[in-house]
Structure formats: structure tokens, C-alpha cells
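The values are calculated or read from the model by the stated rules, or taken from the named source; none is laboratory data. All values reported here derive from a predicted model rather than from experimental measurement. No Cβ is skipped: glycine too gets one built from the backbone with ideal geometry, and neighbour counts run over all protein chains shown. These accessible areas exclude ligands, DNA and RNA; they are computed on the full protein's heavy atoms, side chains included. Shrake-Rupley method; radii C 1.70, N 1.55, O 1.52, S 1.80 Å.
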Amino acid sequence: MADEKPAKLPESVEGKVLFNVPFPADLRQLKSMSPIVVMQPYRIDYIHSYGQDSPFFAGLANGRLLGTRCGACAYSYGTPRLHCMRCGAECEWIELPLEGSVHTFTVCHFGGEQFLKETPFVLILVEWPGVATLFLSRLAGVDCARPSLDWVGMKVRARFRRLSRFDPTDVYFVPA
Amino acid sequence: MRPVYLVCGGVSKFAKARPEVTFQAMVKEAYDYALADLGLEFGKAAELVDASVASYFSDHFMRQLKAGSMVQDYLGLCPKPSRRVEGGGATGGLAFQSGWEAVASGRHELVLVYGWETMSRVNTWKGNEFIALASDANFDYPVGGFYTGYYAMMVVRHMREFGTSLEQMALVSVKNHGNAVHNPYAQKRTAVSVEQVRAAEMVAWPLTLLDVCVMSDGAAVVLLASEAGLARLERATGRRARPARVAGVGGGMDAMRMADRPRGEVMLLPHEKPGDYPGLKYPGVHSFRAGRMASKAAYAMAGIGDPAAELDFVELHDAYTSSEIQTYEDMGLARYGEGGRFVESGRPFLPGLDYGVALPEQGRLPVNPSGGLLACGHPVGATGLMQAVFALWQLQGSIGRHFGNERLQVRNARRGAIHSHAGTGTYVVVSILERAFP
């Protein structure tokens, strides 16, 4: 046993970055030391399924905007939902008109980290006559520096990304 | 169900960042304050408290799952039972009601509810992203998920529907920042003017930096008791408690996606009549149906017929100036469409405080006398409990002792409401508190 090397963990360069490592000679001073703050990166790849909503994303990739309509009560959804909130029955896929109007909007000058580089951008809720619920999207082609309440009611037309990302921004709207 | 009393509470200092403490130690600050206020020793409290509820919103902010059990052991409450309650921005209010249920049902005599959030552990942009993940991650978040943007869309529709003005929204900021100047617990203690609110950096049109609450580190706790629990505490401390009774509780929900909200009939409160809202499509995205549902249930339980006349103050969830105006209406303090004119009238201000603006009426129903989320901060899991603590102190008449000055004390406050609200009005809870000592 004496000839064997002592057991040790493998070394790596994945250590933490320390911004301060104070240590007083007198242990009674430890309570007044600055907190140690370390950077902890955290990145995850999710294997995410769109489940029963998947045809919506297939639709966007093919230049089609899909909503749903309840087979039992005919309530219609501008953002798809495969079971009706009102009666619980299964919904059917329907194609939505490419032209709608702005129900409400905002211009985002800040945002979550993922979208910060895209600011300023315009968010809208789109409405269609005869469709009971709305659809959240982006509006391009307006002046972000001059928002106006008059944008509510503006006629807008859907456009589709050529290179699909398979997220809801594969469709966006422009003034019709 | 049995009567439930709010006996004592504590609030840690709310700040942009508290790197000098972990979340457990921050909760202990609030807990120690509550125990000292009651005159109860730590070991005795651990013996008497039957159970706890842990209130925190986001596992992402800490990258720590099951954090509640770490607070439970830090407070010396093991092996007593505990559970976690979570519901976005309404987490604190939901946890408060969960504690109420545990006592009202007869399961426990004394329940501690503790809440916190440590939002400084990521930068603000990442924090915005985490919060936005509390919107539909398939259909809403990827479009440009940002909560201030969602609320901005809601108020644009409110402006369009009812003529609500940017100046009316700014007055909410003036009021709440003006109150917080006198609240030592508040994160922001600087008075602002209508002009400053409008000139501040635009976040999501029309909401500026001063229309929006900030991210915070902070903690708050409350202790709830049955009558037997109160007697236990009084025996242990040798003092008469000065509690508030939880006279009413209510809750409501709405669809996660704003796009899914229906456009139908208004849900009426007792003081409203069919025909009050001709042609109004409700709730759409301009109103919070969950807030109306929660208020209606809480008022019914507390026997309130006309809230504006029967409440002495309200601490409500003003994450945005706009949502305070919308909430006046949901809670029936003003009719739908009249929230903007309600703040303009001066009624939700505190009487006798100088806000630097001329108001037509003296304050009659102070709303957010503490300064609300806009100025106190919004450490999510602590926020609804902070409201409960400040409401208790109002009802005890003890604001002077806790704040070091009397300016925010609502004179002879006998009944108040607290209101906690999550993302775009998904979860909303309202609780009514009444003074319960001579």
C-alpha cells in the first residue's frame, strides 16, 4: 500500500472566477468580510414538443396561418387550442385570413435578454372579425419612434419568414 | 370554518441586491423582527408554531430547488410540516391564503408564512427573461416575451376603451413614490413628479421606467393563529395580542394567454347594476377578470357591499401604474372606465401629505399607503406578505413604531384589503383584514 500514490480527484480548469477572497488574521473579523460572489453559467438544451399544437408550426413553415374552431359550439380561436375552453370538446384546425387588424400594441424598448438585441420592436394582438380570440405577433414596417393610439384598428397583413425557426415569429405582420 | 387571526409580521429591508446574506438569513431577519414584536423567544416559537408555508416564485433565480426546506431548517422549525406555494406575482397572497386555510380548517393552530425572492442573482435582462417565462412558452414568450410589454398592450386598450391618460398613470407613480419617502422599508424613497415620470426612459410604450416596479431582494413573514393559537401565544408572551382578523378571502384566475381572454359581460359587484356597462366587452385585455372574481368572493365573505365606502385602505399589486388603475376598477373602488379619474380626484392619496400636485379632493381611501410595489420593490414571494404586514400595522395603529414616523398611518383604520396579482391577471387573490382587538 505504501508504494501506491495517494488517491486524488482529476484536476480541471473549470474552477470558479473569484472577485475577492479576503481573509483576516483574526477570525472574529470574518463576519465583516465581503461576500464571495461567483459566476455560475447554466445552459440547457430542452427536447421540447409542441404536441397537439404542432400543425400550427408546420402551417407557418408553409405560409399558412392556422387557428382552431370548436366542433361542438363553434367558438373560434385566433391562437390555436385543441380543446375548447367553453365546452371541452375537441377543436378542428381552420385557416385564418392573412389580413386582420390591430387590437392593441406596444413598442418594447427593453426586454428579456434573449430579445434585447432586437429592440425596439412592436408587439401587437391581432383580431379578425368572426374569430373570438386574438393572436400575439410582431408588427414590422411602422415607426417605433412615433407610436400612436391610432395604430389600434390598423389593418395588417401576415408575412412569413422564408427560413423557418419553428417558433411563432415565423409569422409577423406589416401594415396592409 | 374557524376565525383566523394575523398576529404579527416582519419585513426585511428590500434592496436591489443583498449579496451579504443568503435567502435563509434574509427570511430570518423578517422572522426575528416578527418574533421580537410579539415578545416571543426563538426556541419557544419553534415549539408553538405547528406548520409553515413557504412563498417563493422562481427556482431559476436561485438555481436551487426545494429552497423552502432550507428556510425551514434555518428557522429551527424542523420537524414541523411545511409546503411551498407558487403562483407568479401572486405567490405571497396565495401563500397567505394557504396559511389561512390550514388554520381555518382546524388542521393547525399556528401557521407561519414566510416568503422571499433573490432577484439580484442574475442581471436585470436575464431576470426579465425568467419572469417572461411565466407566459405561454410556446405562443407568447418566443414572440418577444417581456412583461412590461404585455401590460403596456393591456393599458393601450384601456386608454382606447376608456380614455385613460398618461398623466393619470403618472399620478399613481407620484402617489406611491411620495408615500414611500416615509417608509424606511422601501427600496426607492425619492418623490417624483408627473413630468419626471413621463420624461423617464421608455420601457414599453407608453410605460416608462417610473411606471414600472423594480426587481428586489427581500423577505417577509406573517404568523396566523386560531383563537386557541392566540391563547397559546398570549400565555407564552404574557401579553395581549393586537391581531387582525382575516374577514374575507377570495381568488380568481384567467387564461394564461391574454389573446384567449373572452369579450363578454361584466361580472358585477353588489353595488353595481346590470346596465352600468352598456356595450363593454369584458374583460378583453383591458381588465382583470380574476381580480374581479377574487374581490367579489372576498367582499361577500366579509359582508362588504360597497368597497369604496367600507374599506379604510387598500394595499394592492401595483407592478405597473397602469395595473393599479385597472385594479381600482376590478376591486370596485371605481367603476370600469373610471380608474383614471379616481386617481385624478385625489381619493386614493393619503390626506395631509404633500405630493407636490394640486388634487381636487382630500384622500379618502388611501391605496398603497406603504408606497406599493412601485416604490417598496417587488421581491416576488415576499411581496404579498409585505402587504399583509403593512396592513396589520395600519390596523394596529403601529405604523409610527415600525416606520419611525406617523405620516403613513391611516387614521383609525379598522378594515383594509390586500390584493396580490400574477402575470397579466392570471392568478389574483384578495384578502380582507379587520382590527380584532378593543
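Tabulated data for the structure shown
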read-out: Packing-based ranking, highest mean first, of B:322-334, B:235-247 given that Cβ atoms within 10 Å are counted; value: B:322-334, B:235-247
read-out: Shielding by partners, peptide A:132-140 (average Cβ within 10 angstrom, other chains); value: 5
read-out: Partner chain coverage, peptide B:198-204 - average Cβ within 10 angstrom; value: 4
read-out: Cα-centred dipole magnitude for region A:52-175, charges only on beta-carbon of K, R (+1) and D, E (-1), debye, nearest 20; value: 200 debye
read-out: The protein assembly as shown, accessible area per residue, ligands and nucleic acids excluded (1.4 Å, Å²); value: 41 Å²
read-out: Mean-position separation - Cα centroids, region A:29-68 and region A:114-147, in angstrom; value: 21 Å
read-out: Relative contact order of chain B, pairs being alpha-carbon contacts under 8 Å that are 6 or more residues apart, as %; value: 25 percent
read-out: Environment charge of B:R401, counting only residues whose C-beta is closer than 14 Å and scoring Lys/Arg +1, Asp/Glu -1; value: 0
read-out: Rounded to 10°, Cα long-axis angle of helix B:380-396 versus longest principal axis of chain B; value: 80 degrees
read-out: Inter-part distance where region B:310-329 and region B:109-135 are each reduced to a Cα centre, Å; value: 21 Å
read-out: Dipole magnitude (debye, nearest 20) for the protein assembly as shown, charges at Cβ of Lys, Arg, Asp, Glu; value: 420 debye
read-out: Of all DSSP beta bridges in region A:52-175, antiparallel share, percent nearest 5; value: 95 percent
read-out: Nearest-20 debye value, chain B charge dipole, Cβ charges on Lys, Arg, Asp, Glu; value: 560 debye
read-out: Principal-axis tilt of helix B:91-104 within chain B, Cα atoms, nearest 10 degrees; value: 50 degrees
read-out: Environment charge at A:L66 (Cβ cut-off 13 Å; Lys +1, Arg +1, Asp -1, Glu -1); value: -1
read-out: Three-way shape label, the protein assembly as shown, alpha-carbon gyration tensor, a/c 1.5; value: oblate
read-out: Helical contribution to [θ] at 222 nm, DSSP H n ≥ 4, -39,500 (n - 2.57), averaged over chain A, rounded to 500; value: -1000 deg cm²/dmol
read-out: Cβ neighbours within 10 Å from other chains - mean over B:262-270; value: 1
